[in-house]
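Peer 1: Here it is, the structure, as structure tokens.
The values are calculated or read from the model by the stated rules, or taken from the named source; none is laboratory data. Being a predicted model, the structure only gives us computed values, none of them experimental. All Cβ positions, even for glycine, are placed from backbone atoms using ideal geometry, and neighbour counts span all protein chains on display. Protein only, heavy atoms only, side chains kept; ligands, DNA and RNA dropped before computing areas. Shrake-Rupley method; radii C 1.70, N 1.55, O 1.52, S 1.80 Å.
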Amino acid sequence: MSLGSATSLPALESQAPQSDDQLARRCVLDTAARSATGTFVYPAIWFTLVLATGTHERWPLFAWLNVLGLGGLAVLRMGLNHRLPHLLTVHQRATSWAFTVLTLLMALYWGALTAVCMARAPDETLSWVMLAATVGFCAGGNTMVGIHPALRLTYPGLMIAPVFAVELLMPTASHLMMAALEGAFGVYLVRSSRVVHDDYWQMLQTQRLSDARARSLELASLTDGLTQIPNRPHFDRQFHYEWERQCRHGAPVSVMLVDLDHFKAINDTYGHPFGDACLQAVSRALSETMGRSTDFVARYGGEEFAVLLAQTDGEGARIVAERLLQQVREVSLSYQGAPVRITCSIGVASTVPHGSELPEALIKRADDALYRAKHHGRNRAEMAV
Ligand code: GH3
Ligand code: MG
Ligand code: MG
């Protein structure tokens, strides 16, 4: 049955990631968004530097090949970024890996390029500016990729490792001093990136919790307390939603109003708690009779229920109404060992919604049909004229 269809309303869909997979997906998307602009900074800085230092004249092949290499990686990253939301939906694990590898490749590429410049560049200015840029990228990466558990330490680590290696393999005084400074800077990076990482994940968890709470409150406000099926406001919302949908599709909508017969007498004879138990049993029976995921049962008021059948014409609704009548007749209730039988009357109305018609008019027709069912002896269904 269709209590589940209650959650199909867009307003009840979660905005925050709920499962661990959704959290991981969100983290990749956020990391990609944060680091998107930085992607082209690498080739841009290299390009500017080789021109400014004249490296393109003294070392042209090296200069231009690396413009191409860094540019190519940046284009690849942007291409992946563009398709990321879709790819993460269809191949989450593979896409996350591709994203991580590509990001790390860029870090390693830049680190290796800096190391080569420090070891062999024809111009010392190029080495020092590259080193400064590398330190800057490591610090910037803190806020850009620090939220990603697999990138937080590997990204700055892979970038600085080749530089560190050159400094130790070519232990000049300035290299050793730089290595010592980088070591201290590394400790600072590890600690500060943990703060960035933890703040981000705490924010996601808080969002997940508050979203789940908001959803359960919203669901509670749309659920009838006694029978635990959707209440009248929920029915009205679902009804208008389906009405609009079928207006677009040109498909029929049927509504049934189901009213228990002589229910006041049941309350008067057996007491209010027994009446409540009847209402719960009937709501279960009605819900279980519904066959399609779009069928929707709600408690409309006191001892009255409303049923919404989307994409169902009058003939289909009449068959469902007969089934409901039978199902309610068969509800098994007993008072002090003696069986108690209940019946209901049903008013059925169908239409193919269109713009100039009001949804309330369909409810009114179902109500008129219900009145006739009562008038003609109860325990029956009447179709609206
Ligand atoms: P009819 O066949 O014409 O519908 O007769 P009826 O007695 O069912 O209709 P009426 O409108 O006179 O009475 C409805 C009764 O439903 C009145 C009230 O005692 C009962 N009722 C409404 N809500 C509840 C509820 O939440 N719990 C219980 N136990 N009874 C309820
Ligand atoms: Mg009534
Ligand atoms: Mg009644």
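Peer 1: Go through Leu131, Leu168 for me and flag whichever is open to solvent by 60 Å² or more (accessible area, probe 1.4 Å) and more than 15 Å from Arg34 (Cβ to Cβ).
Peer 2: On the way: Leu131 fails: open to solvent by 60 Å² or more (accessible area, probe 1.4 Å).
Criteria check complete, one pass: Leu168.
Peer 1: Could you run through region 42-55 and say how many residues are part of a helix (DSSP H, G or I) and either surrounded by 17 or more Cβ atoms within 10 Å (Cβ to Cβ) or more than 49 Å from the chain's Cα centre (by Cα) (or both)?
Peer 2: So the answer is 8.
Peer 1: Additional query: What single numbered condition from (1) closer than 30 Å to Leu153 by Cβ; (2) surrounded by 12 or more Cβ atoms within 10 Å (Cβ to Cβ) fails to hold for Gln246?
Peer 2: (1)
Quick grid of which residues meet (1) under 22 Å from the mean Cα position of the chain (by Cα); (2) part of a helix (DSSP H, G or I):
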residue	(1), (2)
Pro171	no, no
Ala180	no, yes
Gly183	no, yes
Tyr188	no, yes
Asp211	yes, yes
Arg215	yes, yes
Glu218	yes, yes
Gln238	yes, yes
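Peer 1: Report, by residue number, each residue of region 366-384 that is of a type in the set (Lys, Arg) and within 8 Å of Gly347 (Cβ to Cβ).
Peer 2: From region 366-384, those of a type in the set (Lys, Arg) are 372, 374, 378, 380; that's our starting set.
Matches in region 366-384: Arg372 only.
Peer 1: Among the numbered conditions (1) open to solvent by less than 10 Å² (accessible area, probe 1.4 Å); (2) in contact with a Lys or Arg (Cβ under 8 Å, 6 or more places away or on another chain); (3) near ligand 1 (Cβ under 10 Å from one of its atoms), tell me where Ala306 comes up short.
Peer 2: (3)
Peer 1: Can you pull out the residues in region 83-126 that are in contact with a Lys or Arg (Cβ under 9 Å, 6 or more places away or on another chain), open to solvent by less than 40 Å² (accessible area, probe 1.4 Å) and assigned to a helix (DSSP H, G or I)?
Peer 2: Passing the criteria: Leu88, Thr95, Ser96, Phe99, Leu102, Thr103, Met106.
Peer 1: Within region 321-331, track down each residue that is surrounded by fewer than 22 Cβ atoms within 10 Å (Cβ to Cβ), of a type outside the set (Asp, Glu) and in contact (Cβ under 8 Å) with a residue 40 or more places away in the chain.
Peer 2: Once the filter is applied, which keeps residues that are surrounded by fewer than 22 Cβ atoms within 10 Å (Cβ to Cβ), of a type outside the set (Asp, Glu) and in contact (Cβ under 8 Å) with a residue 40 or more places away in the chain, region 321-331 yields Leu325, Gln327, Arg329, Val331.
Peer 1: If you don't mind, there's one more thing I want to ask. Please count how many residues of region 253-303 are away from ligand 3 (no atom under 16 Å from the Cβ), out of contact with any helix residue (DSSP H, G or I) (no Cβ under 7 Å at 6 or more places or on another chain) and assigned to a loop (DSSP other than H, G, I, E, B).
Peer 2: Here the count works out to 5.
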